Amino acid sequence: MLIATINSSIVLIALPDIFKGIGINPLEPANTGYLLWMIMGFLVVTAVLVVSFGRLGDMYGRARMYNLGFAVFTVSSVLLAVTWFKGDAAALWLIGWRVVQGVGGAFLMANSSAILTDAFPANQRGMALGVNGVAAIAGSFLGLVVGGVLAPVNWNLVFLVSVPFGVGGTIWAYLKLRDTGVRHHARMDWWGNLTFAVGLVSVLVGITYGIQPYGDAQTGWGSPLVLSCLIGGALVLVAFVVVERRVDNPLFDLSLFRLRSFTWGNAANFAASLGRGGLQFILIVWLQGIWLPQHGYGYEQTPLWAGIYMLPMTVGFLVSAPTAGILSDRIGSRRLASGGLLVTALSFGLLIALPVDFPYWAFAAVLVLNGIGMGMFSSPNRAEVMNSLPPHARGSGSGMMTTFQNTAMVLSIGFFFSLIIAGLATSLPGALRTGLEAHGVSAGSAEQIAGLPAVAVLFAAFLGYNPIQQLLGDQLTTLPHEQAAYLTGRGFFPSLISGPFADGLAIAFGFAIVLCVLGAVASWLCVPKKLPTDHESVGAELAAAAGERV
């Protein structure tokens, strides 16, 4: 789980070096699709496939599916690391194998929670799933640091670093992992798989392209492509629900939603993931585009330091998640999960209250608080959901939970970016035009640059590029040296974008506060209710007891 989530975030920080290495400028309109799919492809694939792979684990053995995932993940990492193409061919090669890597990650994510639930007795599952959750969240932030360290040396290393862990993990899992859970042999629900994959992919593709501008609009939510994907995908998902109600062995076991803890636990997880899924991206933009340049860091240094300065969030999570998991085994999950989301909501409010040019100690303290809140919620929530499942449905139930989580994260990225873009679009063009004209840029050129989509400025800041240098290009040579140096220095762009960015930040984090509060209410509604079928087989009981003695 650690290596899978490291790979989901390592590319974020390494993107400038990757695109430079393959000879593509990701800020050119024709290349924006490459940029978006490098960011979103891994998440989209895992969101779509985890339920199917969890179902396969229930049918053919969770350890077997987990081992297969390790092998697929490792092979794709090798092929990503040995990329020899340049230009568009290289971009397509990387995106394609990132998708395959996401397939391997989906096998791991779908079955890891189910394997742990099989292996541990109910009174230790919170701790076990908490450790697994720590690995997942820690990996997403460690990937930022690892990518920032390795990419400047050689961008291929960000993919190669996974290979020894993948090879070792594949061999270890094959030799050591054994299925102790209940297998439920059944026919595969092909129509359910097809309608679910087509519907969810369409919706997630629509969200991905909704971030891009369309015509004169700053975002593409009104474009025919996006509307077709969203509406068509929603209709196909409705058809998927109809199919699932009629087949004998459905992909989505809708009867699981009769379990109150499963339903409300997933609702809380979805709301929490929707509220905080885009947080990492927004913090990267905040640090790389504004705060780090204002405090003396060159733009080429900002990707690494952004990852380092975000580590307090990981520290907070590392402290609280295992502790919350252990406590949930003793006192139950409901209070911990609800309290954790309320703490997370408080941290979003404090982020809004911080000035854009904040004192770092205050920013770090809020990140620690945010990590503590997420840890308090994550482990108890996962334990609550997994404990509510009958043994034969743990793979598919775990896959359903991960699907809700990953889908919410993609939705969150789209929503957060759109809200920030909306905030930038209202005031950035005027500020950009006035600022450029005041420092020697011709009125025509300033007007042209100010008319560029806000997403171009946002992506430039996200990638750690010098935005004004990218926007002005050859026009810099026509300006006096002093003016050109000031415009491309570390002060002009951050001071220009601070006000508009703060407006967008308040909207996005206000949205996150509402979702966290709703998630806290959903967590409070979780009341474990044992069903007659919710018991362990003799073999599972013996395995759990052996694990407890160890």
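Determine the shape class of region 368-433: with a ≥ b ≥ c the square roots of the Cα gyration tensor eigenvalues, call it rounded for a/c under 1.5, and otherwise prolate if a/b is greater than b/c, oblate otherwise. Taking the square roots of the gyration eigenvalues as a ≥ b ≥ c, region 368-433 is oblate. The label-point distance for W524 and S442, in a model that sets each label 7 Å from Cα toward Cβ, rounds to 6.3 nm.
Taking Cα atoms only, the orientation of helix 394-438 departs from the longest principal axis of the chain by about 10 degrees. If the segment from A353 to Q294 were pulled out straight at 0.36 nm per residue, it would be longer than the present Cα-Cα gap by 19.3 nm. Projecting the Cα atoms of Q280, W93, V131 onto the dipole axis of the chain, where Lys and Arg carry +1 and Asp and Glu carry -1 at the beta carbon, places V131 farthest toward the positive end. Of the trypsin sites (Lys or Arg not before Pro) in region 214-304, the ones in a loop by DSSP (not H, G, I, E or B) with at most 13 other beta carbons within 10 Å are R245, R246. The overall shape of region 204-350 is oblate: from the C-alpha gyration tensor, with semi-axes ordered a ≥ b ≥ c, the ratio a/c is 1.5 or greater and a/b is no larger than b/c.
Rounded to the nearest 10 degrees, the inclination of helix 538-549 to the longest alpha-carbon principal axis of the chain is 60 degrees. Projecting label points 7 angstrom from Cα along Cα→Cβ for V167 and E28 puts them 3.8 nm apart.
For an R0 of 60 angstrom, estimate the FRET efficiency from the Cβ-Cβ distance between L346 and I231 and round to the nearest 0.05.
The formula returns an efficiency of 0.95 here.
Projecting the Cα positions of T83, I115, F165 onto the charge dipole of region 77-195 (unit charges on Cβ atoms of Lys, Arg, Asp and Glu, taken about the Cα centre) puts I115 furthest along the positive direction.
Net charge dipole, the chain: roughly 1540 debye, given to the nearest 20, about the Cα centre with Cβ charges of +1 for Lys and Arg and -1 for Asp and Glu.
Carbon and sulfur atoms: what percent of the 1.4 Å accessible area of the chain do they account for? Carbon plus sulfur share of accessible area: 67 percent. As an exercise, use a Förster radius of 51 Å and the Cβ-Cβ distance of Y174 and L452 to find the FRET efficiency, rounded to the nearest 0.05. Here the calculated transfer efficiency is 0.45.
For region 92-208, what is the charge dipole size about the Cα centre, in debye to the nearest 20, if Lys and Arg each add +1 at the Cβ and Asp and Glu each add -1 at the Cβ?
For this selection, approximately 140 debye.
Could you tell me which of rounded, prolate or oblate describes region 131-170, using a ≥ b ≥ c as the square roots of the eigenvalues of the alpha-carbon gyration tensor, with rounded for a/c under 1.5 and, failing that, prolate when a/b is larger than b/c and oblate otherwise? In terms of gyration-tensor shape, oblate. Taking 0.36 nm per residue of separation and subtracting the current Cα-Cα distance, fully stretching the chain between A506 and Q301 would add 71.1 nm.
Rolling a 1.4 Å probe over the protein heavy atoms gives the chain an accessible area of 38 Å² per residue.
In the chain, the sites counted are chymotrypsin sites (Phe, Trp or Tyr not before Pro) in DSSP loop states with at most 15 other Cβ atoms within 10 Å, and the longest stretch holding none of them, exclusive of the sites, is 86-550.
The values are calculated or read from the model by the stated rules, or taken from the named source; none is laboratory data. Everything quoted here is computed from the prediction, not taken from an experiment. With ideal geometry, Cβ positions are generated from the backbone for all residues, glycine too; neighbour counts draw on all protein chains shown. Calculation scope for accessible area: heavy atoms of the full protein, side chains included, ligands and nucleic acids excluded. Shrake-Rupley method; radii C 1.70, N 1.55, O 1.52, S 1.80 Å.
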